[in-house]
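Just below is one structure, and these are the notes that go with it.
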Amino acid sequence: MPDGFREFEAVLGALSKMTSDEPRADDLLDAKCPKCESSSFIKITDLYDEAEARAEDSPETINTPRDGGVTDAQAIARFAPPQKRSPTLRIVIAAVILGAIVFAVFHFFGDFVAQLAGAGAVVVLVGVALTAIRRASDDFYDRRARWRKLYMCRKCGQLIAP
Ligand SMILES: [Zn+2]
């Protein structure tokens, strides 16, 4: 599952580079698949929802190739909605490092200087936390926006972003 998701993100990254200079349209009325020239596409969000619904109703067909040769199991693994990543780990690491610095200052310079260092560390930590939270949220909305705009060729499985 994490492997499939990383691969999906790599595809998304490549697509956004490929399409970033082109005007964006919301549908694919006139679009043709760059690989097989078919003009039949399915929205990735629909593909995922359908695959998940089918997997629940009839789990025995989860490995049957469907549109674009993609099985329901693959669709669920590769095209799941992007998840919010938690900024907590980054904040905890910063807190541990700053705590160690304040402790070292206390050890070498005594508690007066350590109090100043502690106050400075709190300010730095708040800055780190705010930045980490904003980045995690920007990153999430960015990935979700790209995921919502993604289509797959029904014939050959090529992914395209209008
Ligand atoms: Zn195609």
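No lab work stands behind these numbers, since they all come straight from the coordinates. None of these values were measured; they are calculated from a predicted model. Cβ placement follows ideal geometry from the backbone for every residue including glycine, while neighbour counts extend to all protein chains displayed.
How high is the FRET efficiency between residue 119 and residue 97 when r is their beta carbon distance and R₀ equals 22 Å, given to the nearest 0.05? Given R0 = 22 Å and the Cβ-Cβ separation, E is 0.85.
Packing, as the average of other Cβ atoms within 10 Å across residues, places the peptides 103-111, 78-86 in the order 78-86, 103-111, highest first. Residue 59 sits among other residues whose Cβ lies under 13 Å from its own Cβ, and their net charge, with Lys and Arg +1 and Asp and Glu -1, is -4. The simple spin-label model puts a point 7 Å past each Cα toward its Cβ; for residue 129 and residue 112 those points are separated by 3.0 nm.
Rounded to the nearest 20, the size of the Cβ-charge dipole of segment 90-161 about its Cα centre is 920 debye, with Lys and Arg at +1 and Asp and Glu at -1. Contact order for segment 36-158, expressed relative to its length and based on alpha carbon pairs under 8 Å spaced 6+ residues apart, stands at 46 percent.
By the gyration tensor of its Cα atoms, with a ≥ b ≥ c the square roots of the eigenvalues, what is the shape of segment 23-95: rounded for a/c under 1.5, prolate for a/b over b/c, or oblate? Oblate, because a/c is 1.5 or more while a/b does not exceed b/c. Estimated from the Cβ-Cβ distance and a Förster radius of 22 angstrom, the FRET efficiency linking residue 46 and residue 145 is about 0.85.
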